[in-house]
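This report refers to the structure that appears directly beneath it.
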Amino acid sequence: MRALLLGDSIRIGYLPFVRDALADLVDVVGPEDNCEDSANVLANLDRWLGAGAWRVIHFNCGLHDIKIDRWTGICKTPFDRYRDNLCGVCARLRKTGVELIWATTTPVIYERHVMKGFDRREQDVLAYNQVALEVIREHGIQVNDLHDVAQDAGVERILSHDGVHFTEAGSRLLAGAVAGAIRTQVTRKLGRAMFPGDNKEKEVCSP
């Protein structure tokens, strides 16, 4: 059995620890690429899915969407476009018929992040997470709240000097939450009858 992890550099950071935690159960893989923003995920999804048979797909995009050009004040992905992109991603993933898990976007500390040449703000993380949750719930997809996991652990302690990436301890913490969510999906007993059409795409996103 195989599990696919999609996401940005945060996912790249925790993937090896997830792989180790689930070595007894499932082969955990993910693109070498940084999946970046929602438009990039949508554009490359078929390539990343390939022809492989997946048991679980755990996915996220958001941190690259909330980037703000410091000189123009323009956000990389406006709310409406982010929602539309996520609708497209969810619709495509549902066609695989496998178990899906959405990970919320993790926190940022602006005072540390300001060293970069563009802005990310925690208020935008929260706002985009809310938009994402609306889409994810419309599609009936499970949520793995990595934002809360990080917050509960203390972001000041587990975020690195750049205010967005995690220390090794932070990546291990996230990996524990990701591995736990995947293990639950893989090992759970079927508690309900499976009806034809359960995994078909739902037409829930308005044009």
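Across segment 148-188, what is the total count of residues that are modelled with pLDDT under 95, in a helix (DSSP H, G or I) and farther than 20 Å from L133 by Cβ?
Residues meeting the conditions: 2.
When segment 5-15 is examined, which residues are found to be of a type outside the set (V, I, T) and either more than 11 Å from the chain's Cα centre (by Cα) or surrounded by fewer than 21 Cβ atoms within 10 Å (Cβ to Cβ) (or both)?
S9, G13, Y14, L15, listed by residue number.
Under the condition of being among the small types (G, A, S) and out of contact with any strand residue (DSSP E or B) (no Cβ under 7 Å at 6 or more places or on another chain), which residue from segment 1-31 is farthest from L159 (Cα to Cα)?
Going residue by residue through segment 1-31, those that are among the small types (G, A, S) are 3, 7, 9, 13, 21, 23, 30.
Next cut, out of contact with any strand residue (DSSP E or B) (no Cβ under 7 Å at 6 or more places or on another chain) only: 9, 21, 23.
Details: S9: 13, A21: 22, A23: 27 Å.
Residue satisfying both the conditions and the ranking: A23.
Give the residue that is nearest to A179 (Cα to Cα), with candidates limited to residues of segment 1-50 that are aliphatic (A, V, I, L, M) and in a loop (DSSP other than H, G, I, E, B).
L22
Every residue in segment 116-130 that is in contact (Cβ under 8 Å) with a residue 24 or more places away in the chain and under 14 Å from P78 (Cα atoms), please.
Result: R120, D124, V125, A127, Y128, N129.
Within segment 43-62, is there a residue that is surrounded by 15 or more Cβ atoms within 10 Å (Cβ to Cβ) and without any contact (Cβ under 8 Å) to a residue 40 or more places away in the chain?
Taking every residue of segment 43-62 in turn, at least one turns out to be surrounded by 15 or more Cβ atoms within 10 Å (Cβ to Cβ) and without any contact (Cβ under 8 Å) to a residue 40 or more places away in the chain.
Read through the list (1) touching a Lys or Arg at 6+ places or on another chain (Cβ under 9 Å); (2) at pLDDT 95 or above, then give the number of the only condition that D145 fails.
The number of the failed condition is (1).
The values are calculated or read from the model by the stated rules, or taken from the named source; none is laboratory data. This one's a predicted model, so the numbers in the text were calculated from it and none came from an experiment. Heads up, the Cβs are rebuilt from the backbone with ideal geometry, glycines too, and the neighbour counts pull from every protein chain shown.
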